Amino acid sequence: MASLGAAKFLLCFSIICLINFLPLCQGKEKWKNSNEYKYRFIRKASSFESPPSVSTSNTNNGYDYIIVGGGTAGCPLAATLSKKFNVLLLERGGVPFTNPNVSFLDNFHITLADTSPTSASQFFMSTDGVFNARARVLGGGSSINAGFYTRASSRFIEKMGWDAKLVNESYPWIEKQIVHRPTFSHWQRALRDGLLDAGVSPFNGFTYEHKYGTKVGGTIFDRFGRRHTAAELLSSGNPNKLTVLIYATVQNIVFDTTGKRPRAIGVNFKDENGKMHKAILGNDMRSDVIVTSGAIGTPQMLLLSGIGPRQELEKLKISVVLDNRFVGKASCGFGQTNESIHCHHGLLSAEIGQLSTIPPKQRTTEAVKAFAKNKRDIPIEAFKGGFILSKVANPWSTGELRLINTNVEDNPSVSFNYFSHPYDLNRCVEGIRLASKVVQSKHFTNLTLCDRQTTEQFLNNTVKANVNLIPKHVNDTESLEQFCRDTVITIWHYHGGCHVGKVIDSDHKVLGVNRLRVVDGSTFTESPGTNPQATVMMMGRYMGVKMLRERLGKFAGV
């Protein structure tokens, strides 16, 4: 499992307001009549009626497909498969449609800052000391991200072994429903012109395609600033064959181990009231449980279900279904020990980061709560600013994911080992040098009305900010390598942990077991572009169509 490291670079902006921070609030799930009709197949998990017996021979009591995770890949996959088959989609979170912190661009950072149990964003801290978040809402990462949409390169498509023709049919299926052309603002023009002056050329204009140079990509926010998530793709499904359960927390996959190979027969899940249920597959051997829980959730689900390194599973008294040492392995990050993380901080502002000055032993839960309360009282003007991220794509550094316990609602231990490979560090340094040229260009100084600052001034302002829990080296910013290490953050582009050839085969079937597939970013060995959401959504549609055609041939109708 992997994440991409990025170094954060704060700017002196006096008139640019990228994000408005509003008071924390939770959206109430009061559906409008139109949504009730459009998504009438979505209901709470407690409404589920378990079949009388898992061993029943009546296929009417089972589903053709059970999909674990209603995220970026799971929603388009469920919608596509439901055209011909009975599909059950299980999502541990709620709906995104009526939560203003999810639905509106101005509010999306509020969700990331919300560490409550009902938040659409589940906070976790990597062992490297970097703040992270994973989605806990229908629509997955598309419900909590910054919205950028761009396709993967042809090289990536070829590397994945995908059918290019079907890929090029699947992207537009997504784009016609939820993707928009962004409104071009004054600060974006300054960034564009600054990049071109710094030699990042040519300018490719507006395009969804993966292009070298400078371009304007798509967005899942419309011109009114409203988010359109992967959850909306469910409206393309067959409502008579699609069941979506929210607040359905899958505990583990159920296997029949009496044959030569284990085969998935269903899942156990808990509803919003804590009651346990069992959902089962029909008897058709072409039916599957499909895990689409993301690069954090999918390896965790396989491990909790008994697929993973034998020694790790036995240590937690998990019955071993299949010994596979590759589950949860291959990620990235600057390695630190567990002892370097002293407490839970929540996701705190990188712009107003006083907490980073508090000694580690004084970083108590009470101190964090007090800081969060004080931050809410800070005038909105204090947050007017911006930042540039230098993303290290296709990292060479590797890490891993391990279970801490057997509670699926707890985060696993994740080590990204940012910059553990020197090549990644060199690329970060190159990115920071380029960012420095961009913000020192006349296009930015004319816009911000700030005096032109030196690179060292920019770096010192940034390294003092609270962007992670890694010890800082203030006034040592002449070393760009040290600056990269000090200011490393995540941009949530997790991938890996269930790689093709190690955990799954080229058809995304889990090796060594029957009737179990993985369809999400955990299968990637690298990130497919600046933001992977376009390709992950496309992947859900792509695999759905592929499975229909394999199962029905010319009768698939897609």
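The values are calculated or read from the model by the stated rules, or taken from the named source; none is laboratory data. Keep in mind it's a predicted model, so treat the numbers as computed, not measured. Counting neighbours? That spans all protein chains shown, and the Cβs are built from the backbone with ideal geometry, glycine included. Side chains included, ligands, DNA and RNA excluded: accessible areas come from the protein's heavy atoms. Shrake-Rupley method; radii C 1.70, N 1.55, O 1.52, S 1.80 Å.
Observations on the structure shown:
- Candidates are the residues of region 499-523 that are buried (at least 16 other Cβ atoms within 10 Å of the Cβ) and among the small types (G, A, S); the one that is nearest to T219 (Cα to Cα) is G521.
- Verdict on K215 being more than 21 Å from S46 (Cα to Cα) and in a strand (DSSP E or B): yes
- Residue match in region 199-206 (condition: open to solvent by less than 30 Å² (accessible area, probe 1.4 Å) and either outside any strand (DSSP E or B) or touching a residue at least 60 places away in the same chain (Cβ under 8 Å) (or both)): no
- The residue list V463, V510, V518 contains one member that is closer than 30 Å to A146 by Cα, at pLDDT 95 or above, out of contact with any Gly (no Cβ under 6 Å at 6 or more places or on another chain) and aliphatic (A, V, I, L, M), which is V518.
- Annotation: of all residues in region 399-412 being surrounded by fewer than 17 Cβ atoms within 10 Å (Cβ to Cβ) and under 18 Å from the mean Cα position of the chain (by Cα), the one that is nearest to T127 (Cα to Cα) is D410.
A quick yes/no check of all residues on (1) open to solvent by 20 Å² or more (accessible area, probe 1.4 Å); (2) closer than 20 Å to H493 by Cα; (3) part of a helix (DSSP H, G or I):
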site	(1), (2), (3)
F156	no, yes, yes
V167	no, no, yes
R192	yes, no, yes
F224	yes, no, no
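- Region 524-549, residues that are touching a residue at least 40 places away in the same chain (Cβ under 8 Å) and surrounded by fewer than 24 Cβ atoms within 10 Å (Cβ to Cβ): T525, E526, G529, T530, V545, K546, L548
- F97 falls short on exactly one of the conditions (1) among the hydrophobic types (A, V, I, L, M, F, W, C); (2) closer than 17 Å to G225 by Cα; (3) in contact with a strand residue (DSSP E or B) (Cβ under 9 Å, 6 or more places away or on another chain); (4) assigned to a loop (DSSP other than H, G, I, E, B), and that condition is (3).
- Candidates in region 226-248 are the residues that are over 18 Å from the mean Cα position of the chain (by Cα) and of a type in the set (S, T, Y); of these, the one that is surrounded by the most Cβ atoms within 10 Å (Cβ to Cβ) is T243.
- Selection of region 170-214 for residues being more than 27 Å from N446 (Cβ to Cβ) and in contact with a Gly (Cβ under 6 Å, 6 or more places away or on another chain) yields V179, Y208, H210.
- Residue match in region 154-164 (condition: under 18 Å from the mean Cα position of the chain (by Cα) and of a type in the set (A, V, I, L, M)): no
- Screening D256, D284, D288 for residues that are modelled with pLDDT under 95 and either crowded, with 20+ Cβ neighbours inside 10 Å or closer than 17 Å to V513 by Cα (or both) leaves exactly one candidate, D284.
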